[in-house]
Amino acid sequence: MIDSELFDQKKAAYFTLGCKLNFAETSSIGKALAERGVKRCEPGEKADICIINTCSVTELADKKCRNMIRRAKRENPNALVVVTGCYAQLSPEEIAHIEGVDLVIGTEQKGKLIDLLNAQSKNKTTGSSASMGHIVHTATKDIRTFTPSVSADDRTRHFLKVQDGCDYYCTYCTIPRARGRSRNGSIDSLVRQAEMVAETGGREIVLTGVNIGDFGRTTGESFMDLLHALDKVTGIERYRISSIEPNLLTDEIIEFCAASRAFMPHYHIPLQSGSDDVLRLMKRRYDTALFRQRVEHIRTVMPDAFIGIDVIVGTRGERPEFFEACHDFLCSIPFTQLHVFSYSERPGTMALNIPYVVSAADKHQRSRRLLQLSDERLKAFYRTHIGTPMRVLWEHTERDGMMMGFSDQYIRVARPYDEHRVGISEVVSPQKFDPALISLTI
């Protein structure tokens, strides 16, 4: 039973690392606590509760999480500190031994955080103490629950979690162990969440998950069924697909989005390597020929589409000639922007059995080359749209006196700040490119 007195008028601070899925989940946790009387800390206020949602995609992410936990406790010395997320699932005892941590919650129990926090609050109130944080954790093979989440931190854009977990065991990745098997909410439940976003004034929804193209594993539905249902929700002007595997991004999906009312010409596709040799080492489920076909088909039906691509450099086995093949492949396809990551060795992954190791210096050099290529493509994409009429949805974000918005194609547009335009969609014709803001301006 929830003890309302333990929550009423308390203040909470939220710390999130990692993907948009984590931010959606943190937002939902914050909403659940707010419904019980917990207020979000204002700048400078001390928190009674610290919720830390962690990432573990790289060794650097683990380090950032540890630093964030220590910082949260240092800044809020009397707070009850709760840690959840991927790092909490993979290394619960390591986190529990960090001084000041009260509660470590695994992936399966994340949806029960309020009940667990309630129990832990009672223990702390009655003076119960321990030398390490209390761990509530389930083995990865037993993770079954899909916890609904939708972010509400922006007045215009929301992130809707439609899927969780992954059945793909790529050799470099820990996410299947951190998130469990692929699972999803029902289409009816997700449509209801989208309708609630519209009712609260949300205009744009980004579909998030770990492997969203795999949607339907637990409900027998399909990702296409979901897209059709969401496209009919009144009040939502835009949907974006956050990231989808190339083998699951079918021509049918591409063509539906091109003809749909609200799905935007904006794709984020993980390539990871442009070398077929490296893709085989990674145990990816496609080759460069299929990836090229997907990108070129998008360009055929949506010539102005924004195409973002994830690439990892320096994975085990990426010999110099394989990286050159990757670079040449990327130069040959019509993408807009690269998201470049340096490979980080993760305990327990199959990649550690691959003998060829890339030096840190080579990883850095390869990353710089791809980032330079990305910069050239992105700026060229922006410049080709100078003077082009585009529909922009203005957001509340302010930078140097300018407000930001995004076009359908995910082109950032800036104009002098005007709070009355927040949440307004209008057609504009930007007249110049601002390289400092990476935006078009009017």
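The values are calculated or read from the model by the stated rules, or taken from the named source; none is laboratory data. Remember, predicted model here, so these are calculated numbers, not experimental data. Glycine also receives a Cβ, built like all others from the backbone with ideal geometry; neighbour counts cover every protein chain displayed. All accessible areas refer to the heavy atoms of the entire protein, side chains included, with ligands and DNA or RNA removed. Shrake-Rupley method; radii C 1.70, N 1.55, O 1.52, S 1.80 Å.
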### Query
Which condition breaks for ALA61 when tested against (1) open to solvent by 20 Å² or more (accessible area, probe 1.4 Å); (2) of a type in the set (Gly, Ala, Ser); (3) more than 17 Å from ILE105 (Cβ to Cβ)?
(1)
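Any chance you could count how many residues in the range 321-342 are open to solvent by less than 20 Å² (accessible area, probe 1.4 Å) and touching a residue at least 40 places away in the same chain (Cβ under 8 Å)? Before the answer, list the steps.
Restricting attention to the range 321-342, the residues satisfying the condition of being open to solvent by less than 20 Å² (accessible area, probe 1.4 Å) are 323, 326, 329-330, 333, 335-336, 338.
Filter once more, keeping what is touching a residue at least 40 places away in the same chain (Cβ under 8 Å): 323, 326, 329-330, 333, 335-336.
Within the range 321-342, residues that are open to solvent by less than 20 Å² (accessible area, probe 1.4 Å) and touching a residue at least 40 places away in the same chain (Cβ under 8 Å) number 7.
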### Query
Tally time: how many residues in the range 226-267 are over 15 Å from LEU207 (Cβ atoms) and among the small types (Gly, Ala, Ser)?
3
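Can CYS257 be described as exposed (fewer than 14 other Cβ atoms within 10 Å of the Cβ) and under 30 Å from ARG391 (Cα atoms)?
Details: exposed (fewer than 14 other Cβ atoms within 10 Å of the Cβ): no; under 30 Å from ARG391 (Cα atoms): yes.
So CYS257 does not fit the description; no.
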### Whichever residue in the range 244-286 is in contact with a helix residue (DSSP H, G or I) (Cβ under 6 Å, 6 or more places away or on another chain) and β-branched (Val, Ile, Thr) and, among such residues, is farthest from PHE323 (Cα to Cα)
ILE254
## Note on the structure
Checked SER56, SER27 against criteria (crowded, with 19+ Cβ neighbours inside 10 Å, modelled with pLDDT of 90 or more and part of a loop (DSSP other than H, G, I, E, B)); the one match is SER56
### Query
From the residues in the range 169-210 that are open to solvent by 20 Å² or more (accessible area, probe 1.4 Å) and in contact with a Cys (Cβ under 7 Å, 6 or more places away or on another chain), which one is farthest from LEU271 (Cα to Cα)?
ILE175
### Query
Say we look at the range 360-388 and pick out the residues that are open to solvent by less than 50 Å² (accessible area, probe 1.4 Å), assigned to a helix (DSSP H, G or I) and among the polar types (S, T, N, Q); which of these is nearest to ILE312 (Cα to Cα)?
SER367
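This table checks each residue for (1) out of contact with any strand residue (DSSP E or B) (no Cβ under 6 Å at 6 or more places or on another chain); (2) in contact (Cβ under 8 Å) with a residue 40 or more places away in the chain; (3) under 30 Å from THR349 (Cβ atoms); (4) assigned to a helix (DSSP H, G or I).
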residue	(1), (2), (3), (4)
TYR14	no, no, yes, no
PHE23	no, yes, yes, yes
ALA72	no, yes, yes, yes
VAL83	no, yes, yes, no
#### Entry: Selected residue (only one of ALA12, ALA34 is crowded, with 20+ Cβ neighbours inside 10 Å and more than 16 Å from the chain's Cα centre (by Cα))
ALA12
### Task
Output the helices (runs of 4 or more DSSP H) that fall wholly within the range 167-253 and possess 3 or more residues being touching a residue at least 24 places away in the same chain (Cβ under 8 Å) and hydrophobic (A, V, I, L, M, F, W, C), or say none.
187-199, 223-231
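Just one of THR219, THR234 is at pLDDT 95 or above and farther than 29 Å from GLN272 by Cβ; which is it?
Details: THR219 fails: farther than 29 Å from GLN272 by Cβ.
THR234 is the lone residue from the list that is at pLDDT 95 or above and farther than 29 Å from GLN272 by Cβ.
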### Task
Among the residues of the range 107-133, write down those that are modelled with pLDDT of 90 or more and more than 15 Å from LYS31 (Cα to Cα).
THR107, GLU108, GLN109, LEU116
